[in-house]
Amino acid sequence: MEKPQIQVPLQEPDKVSLRERLWRYAQLVRLHRPIGILLLLWPTMWALWLAGEGQPPWVIVLVFMTGVALMRSAGCAINDYADRDFDGCVARTRTRPIAMGLVSPKEALGVFAILSLMAACLLVFLNWPTRFMSLVALVLAAVYPFMKRYTHLPQVMLGAAFGWAVPMAFMALNESIPPVAWVLFATTLLWALIYDTQYAMVDREDDLKIGVKSSAILFGRYDNLIVGVLQVLMLLLLFQVGNMAGRGWVYNLGLLVGAGLFLYQQWLTRDRQPKACFDAFLNNNLFGMVIFLGLLFDYLVSG
């Protein structure tokens, strides 16, 4: 495998101002591109509203929202550390800070550790069972970036990492994890497989050249068909979640709008153009928001 051409920083590390160094760290954790935080946030919000029966304590909501932002950012840092030998070979990622030589791999590990510790500080607001469950979240976040070397379905690990906030939310609010929580967890795992396959379709040609595995490569010319099947399965699981939680017509209306967004994503990716596939990936943020709004207003209407 050919090593990427790492660009030399414009300034020596000891001459970089604190402001510039912080900006580089912000780029490392993708604060300028919050789509990853949002995709992790929406299932967390679904779970909090279901577990809290439409009225979750705002302190717990804020704790989970902050934890989502911190752990997603930590995940970006460890992801770039894991991909430091690949990112320079991929058109979409070659301007990332480590690939550009602006942040060292050691610094990325430090950022991951600090952000993880900051997230751990939030655990003082949660009960002990939820604190123990957070250890699983940390392991999943740390292991996922390395999975693309061993499996064509690293998205399953991503879905588990992103979805673990679901059972944690139920444990934090109810000190138990009912069956509906695990159905929602499975739904979140499927969603990650959907949108991360669309994301992987953007890089498929580069990934084939450098030997990185992905679901887009595994699915091949059946990628859109398989994603479509997964989208139908996800909508069915969300419908089942609504039934188990006693939700009504407003929630189901949200699912109908979500189905329309999935159809739009299929239209976008029909020719497998990289930009269109990336737009389909981004559209999942709107999907997650629509499902949450349907859930929110359904609780408001039902009183």
Condition first: of a type in the set (Gly, Ala, Ser) and either free of Cβ contacts under 8 Å to residues at least 12 places away in the same chain or surrounded by fewer than 24 Cβ atoms within 10 Å (Cβ to Cβ) (or both). Now tell me which residues in the stretch 164-180 satisfy that. Ser176
Give me the pairs, please: first residue somewhere in the stretch 17-30 and under 14 Å from Arg72 (Cβ atoms), second residue anywhere and loosely packed, with under 11 Cβ neighbours inside 10 Å, beta-carbon distance under 9 Å, and either six or more positions apart or on two chains. Ala26/His32
Within the stretch 119-130, restricting to residues that are under 22 Å from the mean Cα position of the chain (by Cα) and farther than 15 Å from Ala141 by Cα, the one that is surrounded by the fewest Cβ atoms within 10 Å (Cβ to Cβ) is Cys121
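Touching a helix residue (DSSP H, G or I) at 6+ places or on another chain (Cβ under 7 Å) and either without any contact (Cβ under 8 Å) to a residue 40 or more places away in the chain or within 19 Å of Ile78 (Cβ to Cβ) (or both): does that describe Ala186? Before you say what the answer is, go through the steps one by one.
Values: touching a helix residue (DSSP H, G or I) at 6+ places or on another chain (Cβ under 7 Å): yes; either without any contact (Cβ under 8 Å) to a residue 40 or more places away in the chain or within 19 Å of Ile78 (Cβ to Cβ) (or both): no.
No; evaluated as a whole, the condition is false for this residue.
Could you say which residue among Val257, Val290 is without any contact (Cβ under 8 Å) to a residue 40 or more places away in the chain, crowded, with 18+ Cβ neighbours inside 10 Å and part of a helix (DSSP H, G or I)? Explain how you work it out, then say what you get.
Details: Val257 fails: crowded, with 18+ Cβ neighbours inside 10 Å.
Every option except Val290 fails the conditions.
The rows are residues; the columns are (1) under 21 Å from the mean Cα position of the chain (by Cα); (2) crowded, with 16+ Cβ neighbours inside 10 Å.
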| site | (1), (2) |
| --- | --- |
| Ala99 | no, yes |
| Leu102 | no, yes |
| Leu115 | yes, yes |
| Val143 | yes, no |
| Gln155 | yes, yes |
| Phe162 | yes, yes |
Look through Gly228, Gly242 and report the one residue that is surrounded by 15 or more Cβ atoms within 10 Å (Cβ to Cβ), within 30 Å of Pro56 (Cβ to Cβ) and either in contact with a helix residue (DSSP H, G or I) (Cβ under 7 Å, 6 or more places away or on another chain) or not polar (S, T, N, Q) (or both). Gly242
Filter the stretch 49-71 down to residues that are touching a residue at least 40 places away in the same chain (Cβ under 8 Å) and on the phi < 0 side of the Ramachandran plot, then give me how many there are. 16
Going through the stretch 40-94 in order, the residues found to be surrounded by fewer than 21 Cβ atoms within 10 Å (Cβ to Cβ), at pLDDT below 95 and of a type in the set (Val, Ile, Thr) are Val90, Thr93
Filtering the stretch 212-241 down to residues that are among the small types (Gly, Ala, Ser) and either without any contact (Cβ under 8 Å) to a residue 40 or more places away in the chain or under 15 Å from Trp267 (Cα atoms) (or both) yields Ala216, Gly220, Gly228
Is there a residue being out of contact with any strand residue (DSSP E or B) (no Cβ under 6 Å at 6 or more places or on another chain), under 17 Å from Trp49 (Cβ atoms) and either part of a loop (DSSP other than H, G, I, E, B) or of a type outside the set (Ser, Thr, Tyr) (or both) anywhere in the stretch 271-287? yes
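Condition test on Val143, is it at negative phi, without any contact (Cβ under 8 Å) to a residue 60 or more places away in the chain, assigned to a helix (DSSP H, G or I) and out of contact with any helix residue (DSSP H, G or I) (no Cβ under 8 Å at 6 or more places or on another chain)? Quick ask: steps written out before the conclusion?
Working: at negative phi: yes; without any contact (Cβ under 8 Å) to a residue 60 or more places away in the chain: yes; assigned to a helix (DSSP H, G or I): yes; out of contact with any helix residue (DSSP H, G or I) (no Cβ under 8 Å at 6 or more places or on another chain): no.
No.
The values are calculated or read from the model by the stated rules, or taken from the named source; none is laboratory data. As the structure is a computational prediction, the values presented were derived from the model and not from experiment. All Cβ positions, even for glycine, are placed from backbone atoms using ideal geometry, and neighbour counts span all protein chains on display.
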